[in-house]
Amino acid sequence: MTRYFTDKLAKYIVFISGFTSFIILLLIALFIFREGLPAFSEIGVFDFIFGGVWRPGIDQYGILAMIVGSIAVTIVSMIMAVPLGIACAILLAEVAPSKIRSILRPAVELLVGIPSVVYGLVGLVLLVPLISNIGGSGFSILTASIVLMVMVLPTIISISEDSIRAVPSSYREGALALGATKWQTIKGVVLPAAKSGIGAGIVLGMGRAIGETMAMIMVIGNSIAFPRFTFRCRAYTDRQHSTGNKLCYRHPRERALCYRCRALYFYITVKQRSYYLP
Amino acid sequence: MRNVSAKQTQKMAMAGIWGGGIITLLLLIVIIGYVLIQGLPAVNWEFLTTNPKGGLSGEGGILSTVVSTLYLIGVTLVLLVPIGIGSAIYLSEYAPNNRLTRIIRYGIETLAGIPSIIFGLFGYALFVTVLSFNFSILSGALTLVCLLLPTMITTTEEALKAVSYSYREAALALGTTRWQMISRIVLPSAIPGIVTAVILCIGRAIGETACLYVTMGGSAAIPSSLLEGGRTLSLHVYYLAMETNAMDKAMATAAVLIIIIILINALTNWLAGRFQKRMKGLL
């Protein structure tokens, strides 16, 4: 009889652990709303999102600069990463002989594995002086975008490659039999068929771009001047304030605002999720 | 005429595609090459076996950060592996196709999309302040568990799903209970895949910075208990580069990190390849 008991017990244990992730998600949501909502009513959604100045000392709490910074860095890095990523995905899935693929694939996987501090460090030591030759201090949207481009590249490549591979080969054979060149086949048949998968890869890459913290803080500079700031840097700096003080945050309201940034961010993540989920 | 232009476009397009691949490869070579060339000369036995001085001096080695990293990974795995495997078993073996399962899957996928710093702030609010574990290995590990759970679950589920159905049917036909079938047949066959999942998680844990920065503090000493803070290798790189400006030491630490990551990648690929071969051989 005991094995039936074990069977039942195992079923419940496994069910509970299956539910853990959802509970964690709920907890995260709970903490965001508990801490963030009171601040929302205090300053108002509009002033918060469209306020250009973040200066807790004089009671100015606007995250517009961070939003602009986030969007600018994401757009510039995607402009660089998308063509490069799709070209590389086509190479891997359609063009390259298997020998070259066996070099390039692990390389792309290695790019995923490199820690973001290392990207930040290389950006800081190698890229920042390079960009400062062009002008400015080198800590800029451009520097951050280049670092981010390298970081989102593997995401775009591997998901695009998978979706290009998933296109049935009869499509290609049909196009080639009609006399199309290889490029015409890829452009006219394969890419349109893989469109949705490539789109998903781009959206996921953007998710990684928006969420990246450490590499960004290292190369974008730590100013709250207008377009140089992003969400994550703000959240990060809030923690810095907290370490200098025995209290949780230097300013109770600032702490609430930090959570409000998170609330907004969380909302974006959930929205973005629901966009590319089946 | 038309034919010629089609051929020319073909040539140009192929040049572009190859160019894309070459640029990607070059980026990797430049990054890894630069870190190794700048960093490796400073890596020696002394560097690996002395503690960092901490504070604002960039002096010393990396011993305590290695110990903290191992400590953190150990605690994380103790919690992560059972929950992750249990969750994966539920999803692949028990979960009926209903609303509840969809909710669970939605939870896992949303969790996978939340960036590390948000987990960090969550961990800071819950573990550091509310549960008052302070900045400690424990807070860091619990936060990491939340962060890595989606990776662990999805990779383990893949491994479980790769086990042939005929195995399960054969076991059940012999009169085993469902749990006996899972624990004696499915799990043992999926072990290489599960090990791959664990190694993948270790790799991510080693590279993680943002969520640990806000939950672990940055003590440079060797932690003596779970409730003491510490810094991992990648946190150490950050502190050296941003707070002490000791770029040479930062590069050396980064070189050690990159070598570890390359080894972990190679190990994962090897294991995954073996697992696939085994599954194919068995099918």
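Brief remarks follow.
- Here the translational diffusion coefficient of chain B follows from Stokes-Einstein with Rh set to the Kirkwood radius across Cα pairs; for 25 °C and 0.890 mPa s it amounts to 113 µm²/s.
- Backbone HN-Hα couplings from phi across region B:6-16 [Karplus 6.51/-1.76/1.60, Hz, Gly and Pro as x]: 4, 5, 5, 4, 4, 4, 5, 4, 5, 4, x
- Radius of gyration, Dmax [region B:227-279; alpha carbons; angstrom]: 16.3, 51
- With only Cα atoms counted, region B:36-87 has Rg and Dmax values of 15.9, 45 Å.
- Partner shielding of B:23-34 amounts to 6, given as the average count of beta-carbon atoms from other chains within 10 Å of each residue beta-carbon.
- Residues whose placed amide H lies under 5 Å from that of B:G60, excluding near-sequence neighbours: B:K53
- One Cα centroid belongs to region B:16-41, the other to region A:94-139; the line between them spans 6 Å.
- Of B:M12, B:M216, B:M247, the one that fluctuates the most in a GNM where chain B has Cα springs shorter than 10 Å: B:M12
- Normalising the Debye intensity of region B:191-273 to I(0), with uniform scatterers on Cα atoms only, and taking log10 at q = 0.15 Å⁻¹ returns -0.64.
- Cα centroid separation, region A:1-15 to region B:194-220: 33 Å.
- Unit charges at the beta carbon, dipole of chain B: most positive-side option, B:G218, B:Y165, B:I85: B:Y165
- Overall dimensions of region A:66-230 as given by Cα atoms, namely Rg and Dmax in Å: 18.2, 59
- Packing, taken as the mean count of other beta carbons within 10 Å per residue, orders the peptides B:98-104, A:190-196 from highest to lowest as A:190-196, B:98-104.
A short reminder: the numbers here are calculations on the coordinates, not readings from a lab. Since we're looking at a predicted model, the values are computed, not measured. Please note: Cβ atoms are built from the backbone with ideal geometry, for glycine as well, and neighbour counts cover all protein chains shown.
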